[in-house]
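The values are calculated or read from the model by the stated rules, or taken from the named source; none is laboratory data. Remember, it's a predicted structure, so these values are computed and weren't measured experimentally. Cβ: placed from backbone, ideal geometry, glycine included. Neighbour counts: every protein chain shown.
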Amino acid sequence: MTQEQPNNPLHGVTLEAILRQLVDHYGWAELGQQIDIRCFNHEPSIASSLKFLRRTPWARERVESLYLYMLRSSAR
């Protein structure tokens, strides 16, 4: 049983979808400047980034935070 979470913009959004939207919006270079992690700056790919983000909670939190910031900024 899943509960509705109307006030949670991350509910139902996969990490892959978040990452793809960030790459589309910022590009790899800007994303690597915003969040300085190796998988964004050296030979970036969706697959390698997902692997790293799934294993590294602090990096995933930063990606989710940037995603929420992007959503708020584009809503203005």
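Looking at GLU43, GLU61 in this structure, which one is exposed (fewer than 13 other Cβ atoms within 10 Å of the Cβ) and part of a loop (DSSP other than H, G, I, E, B)?
Just a single option satisfies the conditions, and that option is GLU43.
Residue pairs, Cβ under 7 Å, 6 or more apart or interchain, first in segment 5-31 and under 13 Å from ARG60 (Cβ atoms), second among the small types (Gly, Ala, Ser) and at pLDDT 95 or above. List them.
Correct list of pairs: LEU19/SER49.
Within segment 61-76, which residues are of a type in the set (Asp, Glu) and in contact (Cβ under 8 Å) with a residue 40 or more places away in the chain?
Scanning segment 61-76 gives a single hit, GLU64.
Could you list, in sequence order, the residues of segment 27-40 that are exposed (fewer than 15 other Cβ atoms within 10 Å of the Cβ) and among the hydrophobic types (A, V, I, L, M, F, W, C)?
Passing the criteria: only ALA29.
Checking THR56 against (1) touching a residue at least 40 places away in the same chain (Cβ under 8 Å); (2) more than 11 Å from the chain's Cα centre (by Cα), only one condition comes out false. Which one?
Exception for THR56: condition (1).
Please count how many residues of segment 1-26 are loosely packed, with under 12 Cβ neighbours inside 10 Å and under 23 Å from SER73 (Cα atoms). Please lay out each step first, then the result.
So in segment 1-26, the residues loosely packed, with under 12 Cβ neighbours inside 10 Å come out as 1-8, 11-12, 14, 17, 24.
Next, from what is left, pick out any that are under 23 Å from SER73 (Cα atoms): 5-8, 11-12, 14, 17, 24.
Number of matching residues: 9.
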